[in-house]
Protein chains: 2
Amino acid sequence: MMIRTNLEHIGEAIDFASYKEEVARIDRSIKERTGKGSDFLGWVDQADEYLKSEELPRLIETGKRLRENYEVLVVCGIGGSYLGARAAIEALTGTLPKKGIDVLWLGETFDPTYISRALAYLKDKKFCVNVISKSGTTTETALSFRLLRNLLEERDGKEAARKAIVATTDGKKGALLTLSRQEGYETFVLPGDIGGRYSVQTAVGLLPMAAMGIDVMALLNGSKDAAKEYREPDVTKNEAYKYAVCRHHLYEKGKKVELFCTYLPTLVQLTEWWKQLFGESEGKEGKSLFPASACFSTDLHSLGQFIQEGSQIFFETILHLEKPEEDLPIPGDKDDLDGLNYLAGKPLSFVQERAFRGVLEAHAEGAGIPNIVLEMERMDAYSLGYLFYFFEKACAMSAYLNGVNPFDQPGVEVYKRNMFRLLGKPGF
Amino acid sequence: MMIRTNLEHIGEAIDFASYKEEVARIDRSIKERTGKGSDFLGWVDQADEYLKSEELPRLIETGKRLRENYEVLVVCGIGGSYLGARAAIEALTGTLPKKGIDVLWLGETFDPTYISRALAYLKDKKFCVNVISKSGTTTETALSFRLLRNLLEERDGKEAARKAIVATTDGKKGALLTLSRQEGYETFVLPGDIGGRYSVQTAVGLLPMAAMGIDVMALLNGSKDAAKEYREPDVTKNEAYKYAVCRHHLYEKGKKVELFCTYLPTLVQLTEWWKQLFGESEGKEGKSLFPASACFSTDLHSLGQFIQEGSQIFFETILHLEKPEEDLPIPGDKDDLDGLNYLAGKPLSFVQERAFRGVLEAHAEGAGIPNIVLEMERMDAYSLGYLFYFFEKACAMSAYLNGVNPFDQPGVEVYKRNMFRLLGKPGF
């Protein structure tokens, strides 16, 4: 059991027996592909299939080529076409400037200042581009990609640009696929039966990861093993379903917001990925928990007051990692003016762990806020692959428990239609 | 009028007349320092006073010295002792790697991996440290500062470390002040009558900004002029109070969450600063709006579905900037496979502006979500100083309207007491 859904701090005992039948029924509808949106269940066995695919060795090879030949990898995508890669890259390689290839995110904004400065920054860098878009016409991404492509072609020539651009897109149709064929870009497939927010274990997430030196085989193996574990239909034996049922139960009892908290600054983007997964899957028909996030102990010095004594409309879900990837002893000091000598010689992880315990006590026992604790040993590629799948499976179950289609996003189109009309796009 | 509180998209007309008397009474209590927490009203006229102070020229000079002599500025602080500086530095200098001095944030986490890697990264960099702590004993900050100081002293010697460390701390007492006097560090004052979340216009925020090349005089002038404008006691003539009353009104009507949205990726940290300001000021006695944030259009591809069709427990506050700092024309393309040629020759800012209008229409008129729009011309140092003050004054009014002390944070201590006990700190 890689991830344990610890429900000892939610302030009550959930009657799982009463959920057993419904969970088993939904589980069956996922397996038999009979539920709402079941055309988008490609993610369920994706990792296992991709591990056997011909594309994977080529993806790893391309990642290596990019890593060894460029200073900057520009990932040009938005929403599900960049959040997973960003979450993984920050979780596994950190947020500090890199010694080898570094990563830059573009195609996720219209901000003229940001885009102008990014292009100016790239002007004297040897950079490559992974453009990620199912259709190739998503406005944010397509605009930035035009600018990036122009910069490469004008500066380095057509042939060099061809080598520097890799496209992840639909396997059969679309503007980006047509362009890639015409220009001779290397392409990877964004599978048609997997939605953006479920695509981190496809080439969408894996190619940027591979280019940044992440062990994508390990990550896929994590997801594959998770798929095996979470196939279990019995909610009392399935940690992902336990989490789904618990958050559903708290929602039904009146909680309005789920605050997903980690203790690592490098996991801020993982919480952003999580917000898309749950917000976009469940936020429909006027329902669902508002997905919010925090990084502790950092944000205890900003949101901590509200959490402890503010309006009790939320519960917390804490990702607790048992072992750090690196550690340091706390040094002693001859004067001890800061009064920290009682910690001298102890590792930093000792303080991190005690902070976690102290906060849990303050929030759960002290303030009566339900705290779901997701326990995982560490944050490496295998574990992260496992964790991605844990949330994906939990989210599908949770959305079905709420009675909504986990895999569509009709509301995202509304602002686009207005924008196209205001932009004067032909046909709008 | 630098900032306009546009209430045309909240779906109703607020009866400001009914708030007039209460707002004027609270305004008087701020001016006469008779309300709850009035020992912490130093921020009200801080900018004007600091502009006349002897410390300011020295602060600018020190900023210049750090900028010219080091590759990395490490800001070592947490909560109010770093959020404002970070918000300003990202808003005004961006998030891309810098050509001159770059900034690194530490002292805001216990994460052993992050701290270990940050120290390894700094090992071969010429770095300086601005340690910011009122007491000098805040655990996160003091721990990282011990490690940073050790690294500097062991690598470069005592004298070089002395020059590389600047402390911002209490002017009269405390561990950090004592240490600074003993070691001969240059110090700046964290005023005793200004709380952390109101301290961005003091040395706390200004020294890191000055070191990163920001025009702190312009920022202070913005705050000073804002202080003059928002002295107005009549809510119908005071844009900050209008915002405060509107959000209070929406809270009273049942909204649970305020979603603060910007359209610039470089303003994500400004929204974090805003979350602390409102969350910590108002989140007490079981009351207050849950402060959340988003960056558009980026997050429309993740939270957009929830916003458009999910649970309607929130309203939006949009910061709308009329002019970008930089801009670019959209290039044409001979094949137009992505279908963007209808935009060729138009500036990126045209798309950004139409996106803003389209989203506003989709959310406010389409989904019926109240949208408060804060309109400001641009994001430069003067405007940002103005904006900081706008929110500070609005927050004080809003907390008083809620009947709570805007300037204390009793709840923040709870987890710390537990943590100290679990760490075995003497006396706990």
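The values are calculated or read from the model by the stated rules, or taken from the named source; none is laboratory data. What you see is a predicted model; the values in this text were computed from it and never measured. Quick reminder, even Gly has a Cβ in these numbers, built from the backbone with ideal geometry, and neighbours come from all protein chains shown. Surface areas here come from the heavy atoms of the whole protein model, side chains and all, with no ligands, DNA or RNA. Shrake-Rupley method; radii C 1.70, N 1.55, O 1.52, S 1.80 Å.
Quick check on the stretch B:23-30. Is at least one of its residues outside any helix (DSSP H, G or I) and open to solvent by less than 10 Å² (accessible area, probe 1.4 Å)?
Residues of the stretch B:23-30 outside any helix (DSSP H, G or I): none.
No; the residues of the stretch B:23-30 include none that is outside any helix (DSSP H, G or I) and open to solvent by less than 10 Å² (accessible area, probe 1.4 Å).
For A:Lys425, indicate whether it is of a type in the set (Lys, Arg) and part of a helix (DSSP H, G or I).
Numbers: of a type in the set (Lys, Arg): yes; part of a helix (DSSP H, G or I): no.
Judged against the criteria, A:Lys425 is not a match.
Tell me the residue from B:Ala142, B:Ala85, B:Ala118 that is open to solvent by less than 40 Å² (accessible area, probe 1.4 Å), touching a helix residue (DSSP H, G or I) at 6+ places or on another chain (Cβ under 9 Å) and in contact (Cβ under 8 Å) with a residue 60 or more places away in the chain, please.
Working: B:Ala142 fails: in contact (Cβ under 8 Å) with a residue 60 or more places away in the chain; B:Ala118 fails: in contact (Cβ under 8 Å) with a residue 60 or more places away in the chain.
So the residue among B:Ala142, B:Ala85, B:Ala118 that is open to solvent by less than 40 Å² (accessible area, probe 1.4 Å), touching a helix residue (DSSP H, G or I) at 6+ places or on another chain (Cβ under 9 Å) and in contact (Cβ under 8 Å) with a residue 60 or more places away in the chain is B:Ala85.
If we scan the stretch A:236-259, do we find a residue that is within 12 Å of another protein chain (Cβ to nearest Cβ) and buried (at least 23 other Cβ atoms within 10 Å of the Cβ)?
yes
Could you tell me whether A:Thr168 is on the phi < 0 side of the Ramachandran plot, β-branched (Val, Ile, Thr), open to solvent by 10 Å² or more (accessible area, probe 1.4 Å) and not in a loop (DSSP other than H, G, I, E, B)? Break it down stepwise before answering.
Numbers: on the phi < 0 side of the Ramachandran plot: yes; β-branched (Val, Ile, Thr): yes; open to solvent by 10 Å² or more (accessible area, probe 1.4 Å): no; not in a loop (DSSP other than H, G, I, E, B): yes.
Criteria not met by A:Thr168.
Against the condition closer than 30 Å to A:Glu361 by Cβ and without any contact (Cβ under 8 Å) to a residue 24 or more places away in the chain, how does B:Phe428 come out, does it pass? It would help to see each step written out before you state the result.
Values: closer than 30 Å to A:Glu361 by Cβ: yes; without any contact (Cβ under 8 Å) to a residue 24 or more places away in the chain: yes.
Yes.
Which residue out of A:Ser398, A:Ser383 is touching a Gly at 6+ places or on another chain (Cβ under 9 Å), open to solvent by less than 10 Å² (accessible area, probe 1.4 Å) and either within 14 Å of chain B (Cβ to nearest Cβ) or among the β-branched types (Val, Ile, Thr) (or both)?
On the way: A:Ser398 fails: touching a Gly at 6+ places or on another chain (Cβ under 9 Å).
Of the residues listed, the single one that is touching a Gly at 6+ places or on another chain (Cβ under 9 Å), open to solvent by less than 10 Å² (accessible area, probe 1.4 Å) and either within 14 Å of chain B (Cβ to nearest Cβ) or among the β-branched types (Val, Ile, Thr) (or both) is A:Ser383.
Within the stretch A:272-294, can you find the residues that are under 17 Å from B:Lys275 (Cβ atoms), open to solvent by 10 Å² or more (accessible area, probe 1.4 Å), facing chain B (nearest Cβ under 8 Å) and without any contact (Cβ under 8 Å) to a residue 40 or more places away in the chain?
So in the stretch A:272-294, the residues under 17 Å from B:Lys275 (Cβ atoms) come out as A:272, A:275, A:290-294.
From what's left, open to solvent by 10 Å² or more (accessible area, probe 1.4 Å): A:272, A:275, A:293.
The next check asks that each one be facing chain B (nearest Cβ under 8 Å); those that pass are A:272, A:275.
Scanning the stretch A:272-294 gives a single hit, A:Lys275.
Scan B:Glu375, B:Glu353 and give me the residue that is in contact with a strand residue (DSSP E or B) (Cβ under 8 Å, 6 or more places away or on another chain), open to solvent by 20 Å² or more (accessible area, probe 1.4 Å) and either touching a residue at least 60 places away in the same chain (Cβ under 8 Å) or over 17 Å from A:Ser144 (Cβ atoms) (or both). Let's see the steps before the verdict.
Values: B:Glu353 fails: in contact with a strand residue (DSSP E or B) (Cβ under 8 Å, 6 or more places away or on another chain).
Answer to the check: B:Glu375.
Among the residues of the stretch B:152-164, what is the count of those that are open to solvent by 10 Å² or more (accessible area, probe 1.4 Å) and within 30 Å of the chain's Cα centre (by Cα)? Steps first, answer last, please.
Here is the first cut: in the stretch B:152-164, the ones open to solvent by 10 Å² or more (accessible area, probe 1.4 Å) are B:153-160, B:162-163.
Those left that are additionally within 30 Å of the chain's Cα centre (by Cα): B:162-163.
So the answer is 2.
Which of the residues belonging to the stretch B:341-371 are part of a loop (DSSP other than H, G, I, E, B) and under 30 Å from A:Lys284 (Cβ atoms)? Step through it out loud before you land on a result.
Just the residues of the stretch B:341-371 that are part of a loop (DSSP other than H, G, I, E, B), to begin with: B:344-346, B:367-370.
Residues satisfying the conditions are B:Ala367, B:Gly368, B:Ile369, B:Pro370.
Going through the stretch B:130-148 one residue at a time, which ones are in contact with a strand residue (DSSP E or B) (Cβ under 7 Å, 6 or more places away or on another chain) and more than 8 Å from every other protein chain (Cβ to nearest Cβ)?
So in the stretch B:130-148, the residues in contact with a strand residue (DSSP E or B) (Cβ under 7 Å, 6 or more places away or on another chain) come out as B:130-134, B:136, B:141, B:144-145, B:148.
Answer for the stretch B:130-148, where residues must be in contact with a strand residue (DSSP E or B) (Cβ under 7 Å, 6 or more places away or on another chain) and more than 8 Å from every other protein chain (Cβ to nearest Cβ): B:Asn130, B:Val131, B:Ile132, B:Ser133, B:Lys134, B:Thr141, B:Ser144, B:Leu148.
Can you tell me which of (1) more than 20 Å from the chain's Cα centre (by Cα); (2) surrounded by fewer than 23 Cβ atoms within 10 Å (Cβ to Cβ); (3) not aromatic (Phe, Trp, Tyr) is the one B:Gly136 doesn't meet?
Condition (2) is where B:Gly136 drops out.
Name the residue that is surrounded by the fewest Cβ atoms within 10 Å (Cβ to Cβ), counting only residues in the stretch A:401-417 that are among the polar types (S, T, N, Q) and under 14 Å from B:Gln305 (Cα atoms). Reasoning before the result, please.
Taking the stretch A:401-417 first, the residues among the polar types (S, T, N, Q) are A:402, A:405, A:409.
So of that shortlist, the ones also under 14 Å from B:Gln305 (Cα atoms) come out as A:405, A:409.
Details: A:Asn405: 18, A:Gln409: 25.
Top of the filtered list is A:Asn405.
Out of B:Glu413, B:Glu392, report the one residue that is part of a helix (DSSP H, G or I), within 30 Å of A:Ala367 (Cβ to Cβ) and more than 10 Å from every other protein chain (Cβ to nearest Cβ).
Details: B:Glu413 fails: more than 10 Å from every other protein chain (Cβ to nearest Cβ).
Only one candidate qualifies: B:Glu392.
Of the conditions (1) touching a residue at least 60 places away in the same chain (Cβ under 8 Å); (2) more than 9 Å from chain A (Cβ to nearest Cβ), B:Leu106 satisfies every one except a single condition; which number is it?
(1)
Tell me which residues, restricted to the stretch A:313-336, are in a strand (DSSP E or B), more than 7 Å from every other protein chain (Cβ to nearest Cβ) and not β-branched (Val, Ile, Thr). Before the answer, list the steps.
Within the stretch A:313-336, the first condition is being in a strand (DSSP E or B), and the residues that meet it are A:314-321, A:329.
Still in the running and more than 7 Å from every other protein chain (Cβ to nearest Cβ): A:315-321, A:329.
If the condition is that a residue be in a strand (DSSP E or B), more than 7 Å from every other protein chain (Cβ to nearest Cβ) and not β-branched (Val, Ile, Thr), then A:Phe315, A:Glu316, A:Leu319, A:His320, A:Leu321, A:Pro329 are the ones that fit.
Output yes when any residue across the stretch B:50-72 is within 14 Å of another protein chain (Cβ to nearest Cβ) and open to solvent by less than 10 Å² (accessible area, probe 1.4 Å), and no when none is.
Within the stretch B:50-72 (the criterion being within 14 Å of another protein chain (Cβ to nearest Cβ) and open to solvent by less than 10 Å² (accessible area, probe 1.4 Å)), the answer is yes, since at least one residue qualifies.
Taking the stretch B:89-103, which residues are more than 8 Å from every other protein chain (Cβ to nearest Cβ), surrounded by fewer than 24 Cβ atoms within 10 Å (Cβ to Cβ) and small (Gly, Ala, Ser)?
B:Gly100, the sole residue that qualifies.
Does the stretch A:407-424 hold any residues that are closer than 23 Å to A:Ser199 by Cβ and either hydrophobic (A, V, I, L, M, F, W, C) or over 28 Å from the mean Cα position of the chain (by Cα) (or both), and which are they? Give the steps one after another, and end with the answer.
Here is the first cut: in the stretch A:407-424, the residues closer than 23 Å to A:Ser199 by Cβ are A:407-416.
Once the filter is applied, which keeps residues that are closer than 23 Å to A:Ser199 by Cβ and either hydrophobic (A, V, I, L, M, F, W, C) or over 28 Å from the mean Cα position of the chain (by Cα) (or both), the stretch A:407-424 yields A:Phe407, A:Val412, A:Val414.
Quickly run through the stretch B:200-221 and pick out the residues that are polar (S, T, N, Q) and touching a strand residue (DSSP E or B) at 6+ places or on another chain (Cβ under 9 Å).
From the stretch B:200-221, those polar (S, T, N, Q) are B:201-202, B:221; that's our starting set.
Within the stretch B:200-221, B:Thr202 is the sole residue that qualifies.
Looking at the stretch B:1-17 only, could you name the residues that are surrounded by fewer than 12 Cβ atoms within 10 Å (Cβ to Cβ) and at pLDDT 95 or above?
Narrowing the stretch B:1-17 to residues surrounded by fewer than 12 Cβ atoms within 10 Å (Cβ to Cβ): B:1, B:8, B:12-13, B:15, B:17.
Of everything in the stretch B:1-17, those that are surrounded by fewer than 12 Cβ atoms within 10 Å (Cβ to Cβ) and at pLDDT 95 or above turn out to be B:Glu8, B:Glu12, B:Ala13, B:Asp15, B:Ala17.
Select from the stretch B:31-48 the residues that are more than 21 Å from B:Val235 (Cβ to Cβ), surrounded by 15 or more Cβ atoms within 10 Å (Cβ to Cβ) and of a type outside the set (A, V, I, L, M) and list them in ascending order.
B:Gly37, B:Phe40, B:Gly42, B:Gln46, B:Asp48
Within the stretch B:260-271, which residues are within 7 Å of chain A (Cβ to nearest Cβ) and either under 13 Å from the mean Cα position of the chain (by Cα) or within 19 Å of B:Tyr386 (Cβ to Cβ) (or both)? Steps first, please.
To start, the set of residues in the stretch B:260-271 that are within 7 Å of chain A (Cβ to nearest Cβ) comprises B:263-266.
B:Tyr263, B:Leu264, B:Thr266 - these are the residues of the stretch B:260-271 that are within 7 Å of chain A (Cβ to nearest Cβ) and either under 13 Å from the mean Cα position of the chain (by Cα) or within 19 Å of B:Tyr386 (Cβ to Cβ) (or both).
Return the only residue of A:Gly310, A:Gly304, A:Gly339 being at the interface with chain B (Cβ under 7 Å from one of its Cβ atoms), at positive phi and either among the basic types (Lys, Arg) or without any contact (Cβ under 8 Å) to a residue 12 or more places away in the chain (or both).
Values: A:Gly310 fails: at positive phi; A:Gly304 fails: at positive phi.
Among A:Gly310, A:Gly304, A:Gly339, only A:Gly339 is at the interface with chain B (Cβ under 7 Å from one of its Cβ atoms), at positive phi and either among the basic types (Lys, Arg) or without any contact (Cβ under 8 Å) to a residue 12 or more places away in the chain (or both).
Being in a helix (DSSP H, G or I), closer than 30 Å to B:Asp408 by Cα, in contact with a helix residue (DSSP H, G or I) (Cβ under 8 Å, 6 or more places away or on another chain) and small (Gly, Ala, Ser), is that true of even one residue in the stretch B:289-299? Write out each step before concluding.
Initial filter on the stretch B:289-299 (in a helix (DSSP H, G or I)): B:298-299.
Among the residues that remain, those that are also closer than 30 Å to B:Asp408 by Cα are: none.
No: zero hits.
Looking at the stretch A:79-135, which of its residues are at pLDDT 95 or above, in contact with a Gly (Cβ under 6 Å, 6 or more places away or on another chain) and farther than 22 Å from A:Lys275 by Cα?
A:Arg117
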